[in-house]
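Enquirer: Here it is, the structure in full.
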Amino acid sequence: MKLTGLYPVKTFTIRRFVNYLSRMLKDGQEEKFLRVIQALKLLALRADQRRTLEEIAGLIRNDHPSVRLIRRLVQESHPQTVEKLLNNLVINDILAGDWKRAQTARRLKIHMPAFMVISPTYACNLRCAGCYAGEYEEKQQMEPELFDKIISDGKNLGFYFYVISGGEPFIYRPLWDILAKHHDCYFLIYTNGTLIDEEAAEKIARLGHIAPAISIEGKEDETDFRRGEGTFRRLLTAFANLRKARAVFGVSITHTRRNHKVLMNDEFWEMLIENKAVFSWIFQYIPIGLDPDLSLMVTPEERLERLRLVERIRREKEILVADFWNDGPYVNGCLAGGANYFHINAHGYVEPCVFVHFALDNIKEKPLVEILDSPFFREIRERAPYGENLLRPCMVIDRPEILRELYHKYQLRPTHPGAETILTSLAPAVQEAAEAWAKISDPVWEKEFAPHYPAVFGEYVYKRKTGDGSLSHLKTSRARETPCNQPGL
């Protein structure tokens, strides 16, 4: 990282301190860890920092599942994996990268998101029912030079965390070499898991800066129904290979009406934990991509059940869980359009979100900072979080009228044939589902979330200060009370 001034010295000090704390956890020295936290509380300048430290101390004292999970990670994972988690994810991205992105934002006078998603290929060895990316041109591959350049340019802006999607990323031949080259970054890879043999698992652990998120739909029946016969058993083999290599990995789940019951069952989650999955990202089925099927959309009642399930898992189980639509209150609504992330597809088109298959610009034609500051992306950030109820964060399924407005206003390009069906033939059903969710979620929002997580408008916008006219990045200083076991705690 090319940092100037005193920051390299500060980063070195933080690096040593973070590694010191990790050794305490590895050796089971929680009491010593608590004394360090107490000392940090005395040094903390802001009330929210002291409150966060006290919350962490409380989790340790109560031996919370999240603490046990972190202890297991440090004690059981491959040494290179632990080192890269601390140095690349915690220090390079969360600490140094956040500082560098803030410097970039001030210098360029634009809002900077936290990470990006890149899909270097849409080729895949499976043909999953309802795949969100299934209608992209399967043969399309991103040029290796472009893939490498996107990451290199991203690091210059302060991006050190990248999500790799597809297609099936492990089909993309240049992937390993490019990831190895960028050894100072951290990569979360969405994969169907069927190509993770013993050799691939060992390489993942040895490189240390890769965390696969393996797609799974439930047990054998649910997974094989959507992803093909025999897929579930191949996933269990991938889990075993990754456990043997001592790699960090998790799962990605698409919640549909078909797999709802099994996802609500503790037996499924215990199976994931027994297989040493560290995290689980839950996505709600959206009728886009390959042969959209409205019958797979969950009901509002099932979505609310998922919210309650995730709350309980965070309290009780040793696995990190993120619910990418019901977690709106914890991230101020939608992350798209460069608010917190964006997506570059295999053609180079820069989409606001992996589920919004429309674009205005292509990374091959314009610099990234110019695309992030385009009127299209700026309007998404200016309108975020789209409404007071942060349990309705999505412009595709919760507030579809916004996506329709943006599509017509900016004459957006569909990034694959049929993408516009979400705005045309499927629009009435999607609108009806959005209104049904509003009726159920509005009272839950008002009673349980609004007092603690009020919507913040203008968080992702640059505005001029009154008085001297200087530019200021309006990012909230309000500390959101992060739920136990929430990623990022």
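The values are calculated or read from the model by the stated rules, or taken from the named source; none is laboratory data. Small disclaimer: the values here were computed from a predicted structure and weren't measured. Cβ sites come from the backbone with ideal geometry, for glycine too, and all protein chains shown count toward neighbours. Accessible surface areas use protein heavy atoms only, side chains included; no ligands, DNA or RNA. Shrake-Rupley method; radii C 1.70, N 1.55, O 1.52, S 1.80 Å.
Enquirer: Whole-Å semi-axes of the stretch 83-236's equivalent ellipsoid, largest first, each the root of 5 times a Cα gyration tensor eigenvalue? Display every interim value, and only then the final one.
Expert: Numbers: eigenvalues 181, 60, 42 Å².
Output for the stretch 83-236: semi-axes of 30, 17, 15 Å.
Enquirer: Tell me, what is the 1.4 Å probe accessible area of VAL321, in Å² to the nearest 10?
Expert: Approximately 0 Å² of VAL321 is accessible to the 1.4 Å probe.
Enquirer: For ARG243 and SER152, compute 0.36 nm times the residue count separating them, minus their Cα-Cα distance, and round to one decimal in nm.
Expert: On the way: separation 91, 0.36 × 91 = 32.76 nm, distance 3.12 nm.
Between ARG243 and SER152, full extension yields 29.6 nm more.
Enquirer: Okay, moving on. In sequence order, what are the phi-derived ³J(HN,Hα) couplings for the stretch 216-232 according to the Karplus relation 6.51 cos²θ - 1.76 cosθ + 1.60 with θ = phi - 60°, rounded to whole Hz, with x for glycine and proline?
Expert: 8, 10, x, 7, 5, 4, 5, 5, 5, 4, 8, 10, x, 4, x, 5, 4
Enquirer: Note down the nm distance, to one decimal, between modelled labels 7 Å out along Cα→Cβ at ILE440 and at ASP98.
Expert: Placing both labels 7 Å beyond Cα along the Cβ direction yields 3.4 nm.
Enquirer: If you look at just the Cα atoms of the stretch 288-422, how large are its Rg and its Dmax in Å?
Expert: 16.1, 49
Enquirer: Using the scaling law 2.2 N^0.38 Å as the reference, what is the normalised Cα Rg of the stretch 190-251? It would help to have the intermediate numbers written out before the result.
Expert: Details: Rg = 11.3 Å, N = 62, 2.2 N^0.38 = 10.6 Å.
In units of the globular-protein estimate, the stretch 190-251 measures up at 1.07.
Enquirer: Just the C-alpha atoms of the stretch 68-127: what Rg/Rh do they give, with Rh taken as the Kirkwood radius? Provide the component values of the computation, followed by the final result.
Expert: Numbers: Rg = 16.8 Å, Rh = 14.5 Å.
Ratio of gyration radius to Kirkwood radius: 1.16.
Enquirer: Sorted by accessible area (1.4 Å probe), largest first, how do HIS209, HIS347 line up?
Expert: Details: HIS209 0, HIS347 45 Å².
The ranking, largest first, comes out as HIS347, HIS209.
Enquirer: Shifting gears a bit: Once phi is turned into θ = phi - 60°, what whole-Hz ³J(HN,Hα) does the Karplus curve with 6.51, -1.76 and 1.60 give for every residue of the stretch 78-88, x standing for Gly and Pro?
Expert: Taking θ as phi minus 60°, the curve returns 4, x, 5, 5, 5, 4, 6, 4, 6, 7, 8 Hz for the stretch 78-88.
Enquirer: Relative contact order for the stretch 289-388 using alpha-carbon pairs under 8 Å, separation at least 6, rounded to a whole percent? Before the final figure, lay out each step's value.
Expert: Details: 79 pairs, mean separation 18.2, N = 100.
Reported relative contact order: 18 percent.
Enquirer: Continuing with this model, one more query. What residues have an amide H closer than 5 Å to that of ILE189, excluding those fewer than 5 places away on the same chain, when H is modeled at 1.01 Å from N in the peptide plane?
Expert: Residues meeting the amide H criterion: ILE164, ALA211, ALA213.
Enquirer: From the square roots a ≥ b ≥ c of the eigenvalues of the alpha-carbon gyration tensor of the stretch 233-347, which class results: rounded (a/c under 1.5), prolate (a/b over b/c), or oblate?
Expert: rounded
Enquirer: So, one more: Please report the base-10 log of the normalised intensity I(q)/I(0) for the stretch 215-288, using a Debye sum with one equal scatterer per alpha carbon and no solvent, at each q in 0.18 (1/Å).
Expert: Each listed q corresponds, in turn, to -0.70.
Enquirer: Looking at this model, which pairs from LYS181/LYS203; LYS84/LYS181; LYS139/LYS366; LYS100/LYS155 are more than 18 angstrom apart at the alpha-carbon? Show your work: numbers first, answer last.
Expert: Values: LYS181/LYS203 14 Å; LYS84/LYS181 14 Å; LYS139/LYS366 24 Å; LYS100/LYS155 9 Å.
Going by Cα-Cα distance, LYS139/LYS366 fall outside the 18 Å limit.
Enquirer: Right, next: Taking only Cα atoms of the stretch 157-238, what ratio of Rg to Rh do you get with Rh as the Kirkwood inverse-distance radius? Don't skip to the answer; put the middle values down first.
Expert: Details: Rg = 13.8 Å, Rh = 13.6 Å.
Reported Rg/Rh (Cα atoms, Kirkwood Rh): 1.01.
Enquirer: Of MET264, MET116, MET297, which has the most accessible area with a 1.4 Å probe, and how do the rest follow in descending order? Mind showing how you got there, number by number?
Expert: Working: MET264 45, MET116 0, MET297 20 Å².
The ordering from most to least exposed comes out as MET264, MET297, MET116.
Enquirer: A further question follows. As a test of reading the structure, rank ASP398, ASP98, ASP148, ASP293 by solvent-accessible area (1.4 Å probe, protein chains only), most first.
Expert: Working: ASP398 0, ASP98 80, ASP148 30, ASP293 60 Å².
Result of the area sort, largest leading: ASP98, ASP293, ASP148, ASP398.
Enquirer: Which of rounded, prolate, oblate describes the stretch 324-375, given a ≥ b ≥ c as roots of the alpha-carbon gyration tensor eigenvalues and a/c under 1.5 marking rounded, otherwise prolate only if a/b is larger than b/c? Don't jump to the answer; show the numbers that get you there.
Expert: Details: a/c = 3.13, a/b = 1.90, b/c = 1.64.
Taking the square roots of the gyration eigenvalues as a ≥ b ≥ c, the stretch 324-375 is prolate.
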